[in-house]
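Trainee: Sharing a structure with you now.
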Amino acid sequence: MGIVERKEREREEMRELILEAARKLFLAQGFDKTSIRNIAEAIEYSPATIYLYYKDKNELLFSLHEAGFQKMMQEFANVVIVKDPFEKLVALGNQYLKFAIENPELYDLMFIMDAPMETLSCREEAWDEGARSFEFLKITISECIETGHFKSTTDIENASLTIWSFMHGLLSLHLRKRMAFFEDNREMERIQDSFKLFVEMLKCTL
């Protein structure tokens, strides 16, 4: 490995180190209460080092936000090979559940924390990452309608929003520990059972 390649690898490793520390702090104490100095202290470097890689705290947050969506969309690609549109939709739902359950901190940052949306609003920018993932769902719903799986609706956007709302609500209850009152250690089973029931409801209503 040459000098240039080694330096580039070291830069990438430092970026990952900074991002990981920032992710933990943003989730543990909130975006507003986390400073560049806090992040620097966590990795035992000076704040000046972080500014060599990231312009400010907002840029750090967006790098985490974008990385989360990139990871999720890569995992969504696994369902593209499913030929039947409804089976693809079910596979997409299972993939979404799997992603959130295996990456709770990323899901929190992507879909629950206020800070990314507030930052977008301040920049007067659109939520492109969310729009792309929603478009993936809309395309799948459209295929279900075109192939006759859904006969009661032609409203692709509203159907997509309804399905996303259920999935997000179920996961939010889990991630925010609102299902703990069951006290029977069957939370994962309940999530899967609820999803299966929702799938049956879709068959009957859409």
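Trainee: Out of the residues in the stretch 99-121 meeting the condition of being open to solvent by less than 20 Å² (accessible area, probe 1.4 Å) and in contact (Cβ under 8 Å) with a residue 24 or more places away in the chain, tell me which one is farthest from the chain's Cα centre (by Cα). Lay out the reasoning, then the answer.
Mentor: So the first thing to find is which residues in the stretch 99-121 are open to solvent by less than 20 Å² (accessible area, probe 1.4 Å), and the list is 99-100, 107, 109-110, 115-116, 119-120.
Cutting the leftovers down to in contact (Cβ under 8 Å) with a residue 24 or more places away in the chain gives us 99-100, 107, 109-110, 115-116, 119.
Details: PHE99: 8, ALA100: 7, TYR107: 4, LEU109: 7, MET110: 5, ALA115: 14, PRO116: 12, THR119: 17 Å.
Only one residue fits best here, namely THR119.
Trainee: I need the full set of residues from the stretch 175-190 which are within 15 Å of PRO104 (Cβ to Cβ), assigned to a helix (DSSP H, G or I) and either in contact with a helix residue (DSSP H, G or I) (Cβ under 6 Å, 6 or more places away or on another chain) or open to solvent by 90 Å² or more (accessible area, probe 1.4 Å) (or both), in order please.
Mentor: First, the residues of the stretch 175-190 that are within 15 Å of PRO104 (Cβ to Cβ): 175-180, 187-188.
Now narrow it down to the ones that are assigned to a helix (DSSP H, G or I): 175, 180, 187-188.
Within the stretch 175-190, just LEU175 meets the criteria.
Trainee: A follow-up question, please. Yes or no: GLU124 in contact with a Lys or Arg (Cβ under 8 Å, 6 or more places away or on another chain), without any contact (Cβ under 8 Å) to a residue 60 or more places away in the chain and open to solvent by 30 Å² or more (accessible area, probe 1.4 Å)? First the steps, then the outcome.
Mentor: Details: in contact with a Lys or Arg (Cβ under 8 Å, 6 or more places away or on another chain): no; without any contact (Cβ under 8 Å) to a residue 60 or more places away in the chain: yes; open to solvent by 30 Å² or more (accessible area, probe 1.4 Å): yes.
Spelling it out, it is not the case that GLU124 is in contact with a Lys or Arg (Cβ under 8 Å, 6 or more places away or on another chain), without any contact (Cβ under 8 Å) to a residue 60 or more places away in the chain and open to solvent by 30 Å² or more (accessible area, probe 1.4 Å).
Trainee: Continuing with this model, one more query. Return the total of residues in the stretch 59-89 being among the charged types (D, E, K, R) and under 14 Å from LEU137 (Cα atoms). Give the steps one after another, and end with the answer.
Mentor: Quick first cut of the stretch 59-89, residues among the charged types (D, E, K, R) only: 59, 66, 71, 75, 83-84, 87-88.
Next, from what is left, pick out any that are under 14 Å from LEU137 (Cα atoms): 75, 87-88.
Adding up the residues that qualify gives 3.
Trainee: Every residue in the stretch 162-174 that is over 22 Å from VAL82 (Cα atoms) and either within 16 Å of the chain's Cα centre (by Cα) or surrounded by fewer than 14 Cβ atoms within 10 Å (Cβ to Cβ) (or both), please. If you could, list the steps in order and put the result at the bottom.
Mentor: Step one: list which residues in the stretch 162-174 are over 22 Å from VAL82 (Cα atoms), which gives 162, 165-166, 168-174.
Passing the criteria: SER165, PHE166, HIS168, GLY169, LEU170, LEU171, SER172, LEU173, HIS174.
Trainee: TYR96: of a type in the set (Ser, Thr, Tyr), farther than 30 Å from GLU143 by Cα and surrounded by 15 or more Cβ atoms within 10 Å (Cβ to Cβ), yes or no? Show your work before the answer.
Mentor: Working: of a type in the set (Ser, Thr, Tyr): yes; farther than 30 Å from GLU143 by Cα: no; surrounded by 15 or more Cβ atoms within 10 Å (Cβ to Cβ): yes.
No.
Each row is one residue, and each column tells you yes or no for (1) assigned to a helix (DSSP H, G or I); (2) not assigned by TED's automatic domain parsing to the domain that holds HIS168.
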position: ALA40; (1), (2): yes, yes
position: LEU64; (1), (2): yes, no
position: GLN70; (1), (2): yes, no
position: LYS83; (1), (2): no, no
position: LYS88; (1), (2): yes, no
position: LEU109; (1), (2): yes, no
position: GLY130; (1), (2): yes, no
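The values are calculated or read from the model by the stated rules, or taken from the named source; none is laboratory data. Given the structure is predicted, the values throughout are model-derived calculations rather than measurements. In this analysis, Cβ positions are derived from the backbone assuming ideal geometry, glycine residues included, and neighbour counts consider all displayed protein chains. Just the protein is used for accessible areas: all its heavy atoms, side chains included, with ligands, DNA and RNA removed. Shrake-Rupley method; radii C 1.70, N 1.55, O 1.52, S 1.80 Å.
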